[in-house]
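Report on the following structure.
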Amino acid sequence: MSELLIKPKKTPDQDGNVIKVSPEDAGWKYVGFEVYQLKAGQSFEKETGNLEVAVVLLSGRADASTNSKSWDNIGKRMSVFDDSPAYTVYVSSDDKVALKALTDLEIAVCTAPGKGTYEARLITPEDVAVARRGYGSLEREIHNVLPADKPADSLFVFEVFTPEGNWSSYPPHKHDEENLPNESYLEETYYHKTNSPENAFAIQRVYTDDKSLDETIIVRDGELVLVPKGYHPVSNPPGYKLYYLNVMAGPVREWKFTNDKDHEWLLAKN
């Protein structure tokens, strides 16, 4: 199995955790990622320390709070494939985030270095810009949860929906060099969900120009792919819906990427 593929635990821990990847686990510096599956009535708490944290409610409803703010009965969709962006709780460093599940609840906990610059806030579906990117079999839908024009110290967070038979993160691009203004160094995770967990799969390739890294990974529901460097396109076979949650962070909060020159010509057709 590829070292870039992280499979969930078969059953959640006592605290509901099914995936936990720290920067040290991933062999990089910036992005941490966790997934929790909570039953109604179960709680989650996290001290942010020197991190900023975005808790994405993938499905279900919850009460949420930080040291200074609280929000009751947040969450709208019962599946990532419901027609709505997620609710997300953004929390700065030196704070605490807590959630109590009102229904079965799946959350993604996205972390990166924080500076305490911004107050905790609730990002509602109405705050999330939805955009179509690409064309034809390259088209996908983007939910801009925490894009470059929204306040954060390090984190980028996006939800991406790839229709059946389509490609995503395509033409392939990379962001693994500190070479601004042309390219920024950003680590990235892809958390995949499908609408048919028993049958569906996606294919993700991660590769560099010199092919020192060149892996083609079969990804199933609830699995995570690490992208430490290189290009990282995704293919969704016909017959199924594919969702993934992107988290990125690096030394500078700018998203500047380089397209694979072998496939860049596809952009001219858009």
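Results, tabulated for the structure shown:
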read-out: Positive-end residue of V234, N195, P181, charge dipole of region 134-244 with Cβ unit charges; value: N195
read-out: Protein accessible area in region 1-146, 1.4 Å probe - carbon and sulfur %; value: 44
read-out: Region 159-253: GluC sites (Glu not before Pro) in DSSP loop, at most 15 other beta carbons within 10 Å; value: E164, E198
read-out: Spin-label pair T216/S43, simplified geometry with 7 Å Cα→Cβ offset, distance in nm; value: 4.9
read-out: Stokes-Einstein diffusion coefficient of region 1-151, Kirkwood radius over Cα pairs, 37 °C, 0.692 mPa s, in µm²/s; value: 202
read-out: Surface/4 estimate of mean projected area, convex hull on alpha-carbon atoms of the chain, nm²; value: 13.7
read-out: Residue (of G75, F33, L155) at the positive-pole extreme of the chain, dipole from beta-carbon charges; value: G75
read-out: Solvent-accessible area per residue, Å², over region 167-214 with all protein chains present [probe radius 1.4 Å]; value: 43
read-out: Cα Rg over Rh - region 200-253, Kirkwood; value: 1.00
read-out: Net charge of Cβ neighbours under 13 Å - reference S84; Lys, Arg +1; Asp, Glu -1; value: -3
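The values are calculated or read from the model by the stated rules, or taken from the named source; none is laboratory data. Given the structure is predicted, the values throughout are model-derived calculations rather than measurements. Cβ coordinates were reconstructed from backbone atoms using ideal geometry, including for glycine residues, and neighbour counts include every protein chain displayed. The area values use the complete protein model at the heavy-atom level, side chains included, leaving out ligands, DNA and RNA. Shrake-Rupley method; radii C 1.70, N 1.55, O 1.52, S 1.80 Å.
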